[in-house]
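Just below is one structure, and these are the notes that go with it.
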Amino acid sequence: MWPKRQKPLASRIAERRFTDMAALQSAAVEAISAAILAGVAARGTASLALSGGTTPVPIYEALSHLDLPWSQVQLTLTDERWVPVDDPASNEAMVRRTLLQGPAAAARFTGLKCNTETPEAAEVQMDGALRTLAQPFDLVLLGMGDNAHTASLFPGGIGLEAAMDMFGPLKVRAVRPALEGPARLSLSLPALLQSRQIILLLKGASKRAVYRDALNDGPVLEAPIRGILHQNQVPVAVYWAP
């Protein structure tokens, strides 16, 4: 069962529970398609920030085949590992392989990786690139880790505090995870919240437990997903399946 909230949250959270991942993925495809169509109809352009990882792969593959106004769609990522764009760990590589195929290849894609040696050196350049996209985003698609991180907002990460600063001047921030792993470039919390809607994808009992804990009050820097859940400017739809 979904947790009963001890205190009302500021954000408007709609929780959807699915019987399996196939049902969740189908619903996500439908929601993303609807966001694209609504954005194009209302403003002539739809813009989305997309999560990396493995969970959205079937969603992107399904979207790539759909007859949508892709030439009027702008896409970017919520975060990126600082690895070459042809590296298997690259989120850009995954999106190009799964989504930017067939009809969806007509979309405009703005990645978060450039030729600077470090993500810190890329912050200003990539901030400028993101400012060319239509914003607020029509939809931001997020996942969450077992440590309550989302995008590349890692608890204990170097650069996390700047990335979570709601008054920070940049839309992207370098974050270096506290544990092993490549440095990242992530949309900042205020950039993630500059959206008309957010979908948070969760899979399995452990992620549900982390989400349940994050609904309670607590330090945002210790559980960055709270920055998404404890806010009142963007509706959040939480999709969960076993």
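What residue, of 204, 168, 181, is out of contact with any strand residue (DSSP E or B) (no Cβ under 9 Å at 6 or more places or on another chain), small (Gly, Ala, Ser) and surrounded by fewer than 21 Cβ atoms within 10 Å (Cβ to Cβ)? Write out each step before concluding.
Details: 204 fails: out of contact with any strand residue (DSSP E or B) (no Cβ under 9 Å at 6 or more places or on another chain); 181 fails: out of contact with any strand residue (DSSP E or B) (no Cβ under 9 Å at 6 or more places or on another chain).
168 is the lone residue from the list that is out of contact with any strand residue (DSSP E or B) (no Cβ under 9 Å at 6 or more places or on another chain), small (Gly, Ala, Ser) and surrounded by fewer than 21 Cβ atoms within 10 Å (Cβ to Cβ).
Filter region 125-169 for residues that are without any contact (Cβ under 8 Å) to a residue 40 or more places away in the chain and part of a helix (DSSP H, G or I) and give the result.
125, 128, 129, 162, 163
Take region 79-117 and flag every residue that is of a type in the set (D, E, K, R), in a loop (DSSP other than H, G, I, E, B) and touching a residue at least 12 places away in the same chain (Cβ under 8 Å).
113
Can you find, within region 115-167, the residue that is nearest to residue 197 (Cα to Cα) among those that are among the hydroxyl-bearing types (Ser, Thr, Tyr) and over 16 Å from the mean Cα position of the chain (by Cα)?
Result: 132.
Determine which single condition residue 217 fails, assuming it passes every other condition in (1) over 25 Å from residue 82 (Cα atoms); (2) of a type in the set (Asp, Glu); (3) not in a loop (DSSP other than H, G, I, E, B).
Against the list (1) over 25 Å from residue 82 (Cα atoms); (2) of a type in the set (Asp, Glu); (3) not in a loop (DSSP other than H, G, I, E, B), residue 217 comes up short only on (3).
Could you tell me which residue of region 37-72 is nearest to residue 96 (Cα to Cα), considering only residues that are within 16 Å of the chain's Cα centre (by Cα), assigned to a helix (DSSP H, G or I) and among the β-branched types (Val, Ile, Thr)?
57
With the condition kept exactly as written, say whether any residue in region 193-205 is more than 21 Å from residue 79 (Cα to Cα), part of a helix (DSSP H, G or I) and modelled with pLDDT of 95 or more.
yes
Regarding region 98-107, can at least one residue be identified that is buried (at least 19 other Cβ atoms within 10 Å of the Cβ), under 20 Å from residue 174 (Cα atoms) and out of contact with any His (no Cβ under 8 Å at 6 or more places or on another chain)?
no
I want to confirm something. Restricting to region 181-225 and keeping residues that are more than 17 Å from the chain's Cα centre (by Cα) and among the β-branched types (Val, Ile, Thr), which single residue is nearest to residue 22 (Cα to Cα)?
210
Can you give me the number of residues within region 170-181 that are in a loop (DSSP other than H, G, I, E, B) and either without any contact (Cβ under 8 Å) to a residue 24 or more places away in the chain or over 26 Å from residue 74 (Cβ atoms) (or both)?
5
Just the residues that are among the small types (Gly, Ala, Ser), touching a strand residue (DSSP E or B) at 6+ places or on another chain (Cβ under 9 Å) and more than 19 Å from residue 185 (Cα to Cα), please, taken from region 48-88. Can you show your working first?
So the first thing to find is which residues in region 48-88 are among the small types (Gly, Ala, Ser), and the list is 49, 51-53, 62, 64, 71.
Add one more test, that the residue is touching a strand residue (DSSP E or B) at 6+ places or on another chain (Cβ under 9 Å), and what stays is 49, 51-53, 71.
71, the sole residue that qualifies.
Considering region 190-200 alone, what residues qualify as being within 15 Å of residue 152 (Cα to Cα) and crowded, with 23+ Cβ neighbours inside 10 Å? Step through it out loud before you land on a result.
Start the filter on region 190-200 by keeping residues that are within 15 Å of residue 152 (Cα to Cα), which leaves 190-193, 200.
Listed by number, the residues that qualify are 191, 192, 200.
The values are calculated or read from the model by the stated rules, or taken from the named source; none is laboratory data. All figures in this text were calculated on a predicted structure; none of them were measured in a lab. Neighbour counts run over all protein chains shown; Cβ positions are idealised from the backbone, glycine included.
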